[in-house]
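**Student:** Mind looking over this structure? Questions follow.
The values are calculated or read from the model by the stated rules, or taken from the named source; none is laboratory data. Source: prediction; values computed, not measured. We place every Cβ from the backbone using ideal geometry, glycine too, and count neighbours over all the protein chains shown. The area values use the complete protein model at the heavy-atom level, side chains included, leaving out ligands, DNA and RNA. Shrake-Rupley method; radii C 1.70, N 1.55, O 1.52, S 1.80 Å.
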Amino acid sequence: MPELPEVEVVRRGLATHAAGRVIEVAEFRGLRVARRHEAGPEDLTARLRGRLIESAQRRGKYLWLALDGGEGLIVHLGMSGQMLVSDPDQPDQRHLHARFRLSDGREIRFVDQRTFGGLALATLDWDGIPEPVRHIGRDPFDPKFDARAAAARMVTSSSGVKRLLLNQTIVSGIGNIYADESLWRAQIHPEKPGDRHTKPAIVRLLGHAADVMNAALEEGGTSFDALYVNVNGQSGYFDRRLAAYGQQGIPCPRCGTPIVRESFMNRSSHFCPRCQPKPRTSS
DNA sequence: CCAACTACCTGTTAGC
DNA sequence: TGCTAACAGGTAGTTG
């Protein structure tokens, strides 16, 4: 479940192992991995050959390799995508969908079990952002992230505050894990409507989101199984620090009340029923 | 226009 | 033992 800290770990790995190299050969398997690249995988293969990787960039959960010529190879990990640095003689990983042979003799491989991830080539705008990523808001790791502007949007909506945290056009990078952790830290019920908060309360919530994701980044990210790994195939350790997410039935670290899990948008919300009381009127 | 719902996937686990 | 169902969930497209 790669969210902002996990994607940033991968970006750093690509900055180390891919930037400065040339793509000698690109290979795509099947039609799904490049489905967002309208011209298809053959076009992608042809256009990537010989391109210099200038840097590894990120906004929210979107990654891209900035190439010479003002284009970027967008990488979205989806639910289970991995970018792995491999030696060419290593056997193909299960669910290998793309491979890039680099000028240093190593390979970057895109491996994705659940196939929600994908790759595409796009033009970078004047700000260096790929066109398909333009609609994504800045994330809390971005120096230009404006928490007060994001809060101003959130307090005008009657949607539940967790839904707003997950809206990538307002603030990006937050997924189900860090939404639950941020709300636990801020002691806010996930379904309390945005317009029933003050702006400073939402700014504080976004500060907790930045804090918990920074703490996760320091531990290499959160991983529950082998699905989320860095470019060297290693998992992070932040799962040991989670207070709410996946902790149903376990005492709240703050008050001891068992954490509950509730169905939410075809998935789950985890929260402390005492520290995060349900708002008075809610549907 | 905005909000809410659903399809897209596969591996693991729980339940019968 | 073997089958089925539930679950994990980010994003884009559709529906209301």
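**Student:** Please give the peptides A:124-130, A:100-106, A:149-155, A:6-12 ranked by average Cβ packing (other Cβ atoms within 10 Å per residue), highest first, as a rough proxy for protection.
**Tutor:** Values: A:124-130: 13.7, A:100-106: 16.1, A:149-155: 19.9, A:6-12: 22.6.
The packing order, highest mean first, is A:6-12, A:149-155, A:100-106, A:124-130.
**Student:** A further question on this structure: Hey, if you put +1 on the Cβ of every Lys and Arg and -1 on every Asp and Glu Cβ in chain A, which of A:G78, A:N230, A:A39 ends up farthest toward the positive end of that dipole?
**Tutor:** Value computed over the given set: A:G78.
**Student:** Another question, if that's okay. Ignoring ligands, DNA and RNA, what percent of the 1.4 Å accessible area of chain A is carbon and sulfur?
**Tutor:** Working: 6100 of 12820 Å².
It is 48 percent, rounded to a whole number.
**Student:** Using unit Cβ charges (K, R positive; D, E negative) and no other charged atoms, how large, in debye to the nearest 20, is the dipole of chain A about its Cα centre?
**Tutor:** Computed charge dipole of chain A: roughly 1200 debye.
**Student:** Treating only the Cα positions of the stretch A:4-133 as identical point scatterers, give the base-10 log of I(q)/I(0) from the Debye formula at each q in 0.15, 0.21 Å⁻¹.
**Tutor:** Here the Debye-derived log intensity ratios amount to -0.62, -1.37.
**Student:** So what is the 222 nm mean residue ellipticity for chain A from helices alone, if each DSSP H run of at least 4 adds -39500 (n - 2.57) and you divide by all residues, rounding to the nearest 500 deg cm²/dmol? All intermediate terms of the calculation are to be shown ahead of the outcome.
**Tutor:** Working: 6 runs with 68 residues, N = 283.
Helices in chain A give a 222 nm mean residue ellipticity of -7500 deg cm²/dmol.
**Student:** Kindly report the accessible area of chain A per residue (heavy atoms of protein chains, probe 1.4 Å, no ligands, DNA or RNA), in Å².
**Tutor:** On the way: 12820 Å² over 283 residues.
Spelled out: the 1.4 Å probe surface of chain A, per residue, equals 45 Å².
**Student:** Right, here's the next one. Order these peptides, A:85-98, A:18-31, by their mean beta-carbon neighbour count within 10 angstrom, highest first.
**Tutor:** On the way: A:85-98: 14.1, A:18-31: 16.4.
The peptides rank, most packed first, as A:18-31, A:85-98.
**Student:** Counting only the heavy atoms of the protein chains, how much of A:I250 is accessible to a 1.4 Å probe, in Å² to the nearest 10?
**Tutor:** 80 Å²
**Student:** Right, here's the next one. For A:R51, A:R280, what's the largest-to-smallest order of accessible area, 1.4 Å probe? Please list the in-between numbers first.
**Tutor:** Numbers: A:R51 35, A:R280 210 Å².
From most accessible down to least: A:R280, A:R51.
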